[in-house]
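Asker: Please find one structure pasted underneath; my questions will follow.
Values in this text are rule-based calculations from the coordinates and carry no lab data. Note that the structure is a prediction, hence the values are computed from the model and not measured. When we count neighbours, we look across all protein chains shown, and the Cβ atoms used for this are built from the backbone with ideal geometry, even at glycine.
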Amino acid sequence: MKQLDIGVAGAGPAGLAAALFLSRAGHRVEILERFEAPAPVGSGLLMQPTGLTVLAALGLFETIQSLGSRIDRLHGADATSGRTVLDVRYDAAPGGRYGLAVQRAALFNTLHDAVVVDGIRIRTGVNLASVETRGDRAVLKNAEGVEVGDYDLVIDASGARSVLAAKSVTAPAIREMTYGAFWATLDGQGGAYDRRALSQRYDKAKVMIGLLPTGRAQVGEPHRVAFFWSLKVGDVDEVKAAGLDRWKTIIRNYWPDCVSFLDQIEDWDQLTLARYAHRTAQPPFSERLVFIGDSAHSTSPQLGQGANMALLDAAALSHALVSCADLPSALAAYARARRNHVRLFQLLSLAFTPFYQSDSSVIAWVRDRLVSTIAKVPPMPALLASIVAGTLIDPFGPAGLTERKWQEDLSLLSGMA
Ligand SMILES: Cc1cc2nc3c(=O)[nH]c(=O)nc-3n(C[C@H](O)[C@H](O)[C@H](O)COP(=O)(O)OP(=O)(O)OC[C@H]3O[C@@H](n4cnc5c(N)ncnc54)[C@H](O)[C@@H]3O)c2cc1C
């Protein structure tokens, strides 16, 4: 395909990765971001073998690995009885896969530094509001209705609450989810927690408390931990009104080992409220506008897939633009490449979320008694490992990727030992 002018809306993981792939493929790319200075939003993320393979394809695996914290296991227990409810180990499936928990800042810095090195233009302080097709160009306008650029293709990577997606006929309105979570990034040096696991405690499905070791944002900085507590978004004001000390007491009673983290929280401002929304754009494009990342498919982070899927989208779109002769075929090829994987994981996220975030005691009982028992019976451990890794169906081939060879890291580890 000829060299295209491409405008990328949003400097999140999807937008930054897409800009890197497409600029390296020879297209003229610029990123437009609403913030005055591009910056990560939120706390920690669990990178899966899918997203890590995309970063490897961009030559960024070693950088992210040097910052993140290797995760081998997802472990959850009933807060009252201590009984294990969830125990998923990556090594239950062959391939030597593992997760890498990172601070959002680490993922952002890794991608953003590469964008700067590659000389890709980022225009900040541009609050995009609409896109209009004019002949064979797509024109982007800001919130004041002023034209800010015109391109052969606009990539909407502006996240779950994208205004461009909201105005598109192919993207249905987002469905706000009842539950959200308070998140904090805390000092991870002390404290009793499993450094190789995402650890959670539950009270039925209405309470979920979690700890995720997330490594460091930059080399030389201390390692941190992401702490989260899920709650109904509608209950936030009531919880805050009851006071921070009362909230901390509730958590301490559920999970006494958390005390060293709770002691670090002295103000509600240290906690960010994350709200979740669900939406799948079908197809993820319309005329000269294509959706990637959360603007194409957003969901609750229960399965830890969102950023990874955003990176897969970026790789798949770039692969389609390289492989097809014209834009319409490339956009259709991108949609085909991602369709099954996105559908499956959107469905799984919808199905799993009530097991961890709902008012239903029945669902919680099923999870604690039935699911946790069935989960131990082969082939369930391997199946669950593939779900968590994002590899239940092949996400790599359709995106033009070859999965990274994780076994090499094992031989490196044993060599070091
Ligand atoms: C609490 C929480 C925990 C999560 N945990 C995980 C996890 O463990 N693993 C995982 O893979 N995923 C996780 N996710 C999901 C993950 O954060 C998202 O899927 C991912 O950030 C999507 O990337 P994106 O680039 O599509 O969008 P975003 O990260 O939302 O980036 C969008 C960018 O677009 C910009 N923008 C928005 N509107 C405009 C506009 N009008 N004009 C210009 N710029 C605009 C924003 O400022 C931002 O920079 C989690 C999400 C939450 C909320």
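Asker: If each residue's Cβ is checked for other Cβ atoms within 10 Å, how do THR50, THR373, THR280, THR84 rank with the fewest at the top? Working shown, then result.
Answerer: On the way: THR50 26, THR373 10, THR280 18, THR84 14.
Least crowded to most crowded, the residues run THR373, THR84, THR280, THR50.
Asker: Looking only at the chain, where both bridge partners belong to it, what percent of the DSSP beta bridges are antiparallel (to the nearest 5)? Working shown, then result.
Answerer: Working: 52 of 73 bridges.
Of all bridge pairs located within the chain, approximately 70 percent are antiparallel.
Asker: What's the FRET efficiency of LYS141 with ALA351 using the Cβ-Cβ distance as r and R₀ = 41 Å, to the nearest 0.05? Intermediate results must be reported in sequence, preceding the final value.
Answerer: Values: r = 39 Å, r/R0 = 0.94.
After rounding, the FRET efficiency stands at 0.60.
Asker: Same structure again: What ranking do ARG252, ARG224 get, fewest neighbouring Cβ atoms within 10 angstrom at the top? Mind showing how you got there, number by number?
Answerer: Values: ARG252 14, ARG224 25.
Starting with the residue having the fewest Cβ neighbours, the order is ARG252, ARG224.
Asker: In addition: At 7 Å along the Cα-to-beta-carbon direction for both VAL377 and GLN189, put a label point, then send me their distance in nm to one decimal.
Answerer: Result: 4.9 nm between the two label points.
Asker: Can you compute the label reach from GLN264? Point 7 Å from Cα along the Cβ direction, backbone N cut-off under 19 Å, restricted to segment 199-216.
Answerer: Inside the label zone: 199-201, 209-216.
Asker: Evaluate the distance, in nm, between pseudo-label points positioned 7 Å from the Cα of ARG83 and of PHE35 along their respective Cα→Cβ axes.
Answerer: 4.3
Asker: Multiplying the sequence separation of LEU370 and LYS405 by 0.36 nm and subtracting their Cα-Cα distance, what value in nm do you get? Don't jump to the answer; show the numbers that get you there.
Answerer: Numbers: separation 35, 0.36 × 35 = 12.60 nm, distance 3.49 nm.
Computed gain between LEU370 and LYS405 is 9.1 nm.
Asker: Turning to a different aspect of this structure: Taking DSSP loops as anything outside H, G, I, E and B, show the longest stretch in the chain free of GluC sites (Glu not before Pro) there with at most 15 other beta carbons within 10 Å. Don't skip to the end; give the middle numbers.
Answerer: Working: sites that count: GLU36, GLU144, GLU266.
In the chain, the maximal stretch lacking such sites is 267-417.
Asker: I would also like to ask the following. Pop a pseudo-label 7 angstrom from the Cα along the beta-carbon direction at both THR272 and ARG121 and give the gap in nm to one decimal.
Answerer: Between THR272 and ARG121, the simple spin-label model gives 2.9 nm.
Asker: While we're on this one: With every atom except the alpha carbons ignored, what do you get for Rg and Dmax of segment 241-318, in angstroms?
Answerer: Taking only Cα atoms of segment 241-318, I get Rg and Dmax of 19.1, 55 Å.
Asker: Right, something else. Stokes-Einstein D for the chain at 10 °C, 1.306 mPa s, Kirkwood Rh over Cα pairs, in µm²/s? Before the final figure, lay out each step's value.
Answerer: Numbers: Rh = 22.0 Å.
D = 72 µm²/s.
Asker: I've got another one for you. For segment 323-375 and segment 112-132, write down the distance between their C-alpha centroids in whole Å.
Answerer: Rounded to whole Å, the Cα centres lie 30 Å apart.
Asker: Another question, if that's okay. Of all trypsin sites (Lys or Arg not before Pro) in segment 345-407, which ones are in loop regions per DSSP and have a Cβ with at most 15 other Cβ atoms within 10 Å? Mind showing how you got there, number by number?
Answerer: Values: sites: ARG367, ARG369, LYS376, ARG404, LYS405; in loops: LYS376, ARG404, LYS405.
Passing both the DSSP loop test and the Cβ count: LYS376, LYS405.
Asker: Quick one: among VAL154, VAL236, VAL290, which has the greatest mean-square fluctuation in a GNM of the chain with alpha-carbon springs under 10 angstrom?
Answerer: Looking only at VAL154, VAL236, VAL290, the largest GNM fluctuation is found for VAL236.
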